[in-house]
Amino acid sequence: TLTVGPEPQTVVAAPAQTSIAGWHGNRLWLVYPNPADRLQFSAPLKFKPGMAIADLEFDPSNFAPSTTVNGNGGGWLNVSDGEHSPAITALHPFDQYLLIFKRTQVFALSGHSEETFSVNKISDVAGASGAESVAEHDGLVYFLGDRGLIVTDGTDVQPVQGNENVQEPENICLCFIC
């Protein structure tokens, strides 16, 4: 096990066992089970040394923090507005963001390294009810939650026209087939 982060009691032993995951910034992102408002991220893809043609390698079990000054490792990132810390319900890679959904909040993670990661809240009134309630179509992300069917471009959220006709959104799974 390895101790990481500013809290000395925080230990990351292995990749989180979760069904909620996403790919962003050449890293695998997992929802950490306890606390459930924490994301665990892998070390990034790396070029294989000594190859004549560029080839990448990825170790899906490498979530350990970097031990060198020049290397990026894995680690964790808390996703909270400072007041509330509800559980993360879904992740969705979108454009330059990893969209992070909670039941009544949406955050956008940008950046590709520990030095450039930035989390911005884009909604504190609408969120996704689960991982199956998020889908992308025509350059927008749609999601279902307590407020019905909502759409985002990664910077703002809006109810979808006709949203008032959505009943029992927690019983609907989103899927777009083009």
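The values are calculated or read from the model by the stated rules, or taken from the named source; none is laboratory data. Just so it is clear, the structure is predicted and the values come from calculations on it, not from any experiment. We place every Cβ from the backbone using ideal geometry, glycine too, and count neighbours over all the protein chains shown. Ligands, DNA and RNA are stripped out before the accessible areas are found, and what is left, the full protein with its side chains, is counted by its heavy atoms. Shrake-Rupley method; radii C 1.70, N 1.55, O 1.52, S 1.80 Å.
So, residue 78, is that one at pLDDT 70 or above, open to solvent by 60 Å² or more (accessible area, probe 1.4 Å) and not aliphatic (A, V, I, L, M) or not? Write out each step before concluding.
Numbers: at pLDDT 70 or above: yes; open to solvent by 60 Å² or more (accessible area, probe 1.4 Å): yes; not aliphatic (A, V, I, L, M): yes.
Against the criterion (at pLDDT 70 or above, open to solvent by 60 Å² or more (accessible area, probe 1.4 Å) and not aliphatic (A, V, I, L, M)), residue 78 qualifies.
In the set (1) at pLDDT 90 or above; (2) open to solvent by less than 80 Å² (accessible area, probe 1.4 Å), residue 85 fails one condition alone, (1).
Condition check ((1) modelled with pLDDT of 70 or more; (2) of a type outside the set (Gly, Ala, Ser)) across all residues:
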{"site": "16", "(1), (2)": "yes, no"}
{"site": "20", "(1), (2)": "yes, yes"}
{"site": "44", "(1), (2)": "yes, yes"}
{"site": "52", "(1), (2)": "no, no"}
{"site": "73", "(1), (2)": "yes, no"}
{"site": "90", "(1), (2)": "yes, no"}
{"site": "97", "(1), (2)": "yes, yes"}
{"site": "100", "(1), (2)": "yes, yes"}
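In segment 143-151, is there at least one residue being modelled with pLDDT of 90 or more and surrounded by fewer than 19 Cβ atoms within 10 Å (Cβ to Cβ)? Looking for residues that are modelled with pLDDT of 90 or more and surrounded by fewer than 19 Cβ atoms within 10 Å (Cβ to Cβ), one finds at least one in segment 143-151, hence yes.
Just need a number here: residues in segment 111-121 that are closer than 12 Å to residue 80 by Cα and open to solvent by less than 40 Å² (accessible area, probe 1.4 Å). So the count comes out to 0.
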